[in-house]
1. For segment 92-195, what ratio Rg/Rh do Cα atoms give with a Kirkwood hydrodynamic radius?
2. Can you pull the Rg over Rh of the chain, Cα-only, Kirkwood?
3. Using only the Cα atoms, work out Rg/Rh for segment 378-484, with Rh taken as the Kirkwood radius, to two decimals.
4. Run through all the Cα pairs of segment 300-438 and give the fraction in each 10 Å bin from 0, expressed as whole percent.
5. I need the GluC sites (Glu not before Pro) found in segment 291-381, filtered to DSSP loop residues with at most 10 other beta carbons within 10 Å of theirs.
6. Indicate the helices, whole DSSP H runs only, in the chain that combine a mean Kyte-Doolittle hydropathy of -1.0 or more with a Cα extent along their long axis of 20 angstrom or more.
7. Lys/Arg Cβ at +1, Asp/Glu Cβ at -1, dipole of segment 346-449 taken about the Cα centre: which of ILE419, ILE440, ASN381 is farthest positive-ward?
8. Which percentage, to the nearest 5, of the DSSP beta bridges contained in the chain is antiparallel?
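The values are calculated or read from the model by the stated rules, or taken from the named source; none is laboratory data. Note that the structure is predicted; figures quoted are calculated from it, not measured. We place every Cβ from the backbone using ideal geometry, glycine too, and count neighbours over all the protein chains shown. These area figures cover heavy atoms from the full protein model, side chains too; ligands, DNA and RNA do not enter into them. Shrake-Rupley method; radii C 1.70, N 1.55, O 1.52, S 1.80 Å.
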Amino acid sequence: MGNKFRLRFDDGTTKTVNAKIKLPTDIIEFVAGTQDPINTKGLKHEANANYWKGTENFLEGVKALKDAYNDLHIESEFYSWSGDNNTKDRNEGAARILDLLLRVYANWKKREIHFHLIGHSHGGNVINQFTELIADNEDFPKSWSIKSITYLSTPFFKEQHQLNHQRLHKDCKIINVYNEYDITQRFVADFTLKNLEYLIENFYDKKDLDDALKNLKEIDFDVYTHLKDIVINNHTEGPAIWSTTHDLLAEAEKIMTVVVCNVAFIGNRNNVSAEKKEFLSILNDLLNLIGIRKNRFLANQQDRTGGYGRSEFLEDFELIPLMRIINRILDITTNESDSYLLGLLDSIFTEEETGLILKIDDTSWSPKEQVDGKFTIEDFNITDLDPYDTRDKKSSFENFATGIENAVIRDDENSLKEILMRMISQFVNPDDLLSIVDIIDNIEWIATGTLDAQLKEARRNLTVYHGLINNYNEDLVATCDIEDPSMIVKPGSIPYLAMTSHGLSHSDLFDDDSHNVKKALTDCFSSGKK
């Protein structure tokens, strides 16, 4: 198509020139996804152009193709959606694709256009919803069709966001890039969430929690062995026990403050469930008791009136009210099915109006069922490109992942409790829990009556939890990574598997012999090569 243009140069002169406007034949549209599966950042439009940007990534690889083809157009700047793990937002994201394409390419509605849609994570489900939206939409030109869809780490639902074939080109190709270590695709995305706004907007500073956990690990609990001594030295051993107990309670208070603040913001605050009210009441009572005892041990860690001994320790700790609340929270008989805490969390998560879970829909790494044999699928397994694959933890990881996947598939009254327990177990070292049991043993040795009974109950509860954690903990993080202080996100940790492994698929336009995604995509272009 020829057009005349009037150009003005820097020296003030003007000139009329003929130019040819290049009409697109292939249009690539990028659809960002949900790399942060529980929306911890709380950014409503994170799924935008910035999502793809970096020194080396899939987008830059695709952009480098533009000069090699005659009629290739790449749209990666204008599209955005919330990126939230929410069905409603994904549906709205699909409508935004249609609106954008109709506006940007309004002048080419009568031209045969082949679209190539590339979506990461739930961006692939937004694309699927878009195919449903345009199936019978009269605004979507009949001369337009989808020639390829590239799914990057997309979790494919069995019920939601199904691929509609009606506006797919007869030669449409499905390209599927996945990573077996990606727990977001494998099972985190099974849970479509809701009611996260209060939690996101008011999330208590996570640094406080991280600092408290770090400080707890650095506390020397060996001082408590002196509680078994017949005589406790008033100048060294006694003050050391009181000082350590103050430090322990101070960190426990920080952790409880974070828990209370965040539980208070889960769900719709105008309609608080009875389970949540009960949980908050228990947590606030516990927080109050911890604060009182922390201040008492601080005041008495030097020159305590009456000296330092076993009975004085029990007097200052006043354990019975504290242990009653702790035992109420930790009450468990045999396994997760009769755990009070897990049952309470199950109720809070699944409560119809104020819970966090909107829908559980088992996902798959493959679009095979949705494609139903109608189009070519090229699968690219990039598991061997994940740095975690060099840690020799594949077997441990599979035990963890398949355990949760099987619980989801089972879908009975204990499924969510087991999933929560399996997840929690990856954050807790079984040996650390045994250390707490040892502390209780030391205190129980000097306790009598009601306190002795409460301590025995606590030890029994923690022993049951230790058995579960010992069974479910898969030791996912390699020792070399645990001991590396420069590594903030450890390979094999839950954040790494949910985000880093999930993001690997859009880190590069892979073009090696084993993972030639580049060739699979360019083979779909109708544009001639230059």
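1. 1.00
2. Dividing the radius of gyration by the Kirkwood radius yields 1.09.
3. Rounded to two decimals, Rg/Rh equals 1.13.
4. Percent of Cα pairs in each bin: 8, 22, 26, 20, 12, 7, 2, 1, 0.
5. GLU352
6. Span-like helices here: 87-104, 237-263, 274-299, 394-410, 430-444, 449-472.
7. Toward the positive end, the furthest listed residue is ASN381.
8. Antiparallel bridges: around 35 percent, rounded to the nearest 5.
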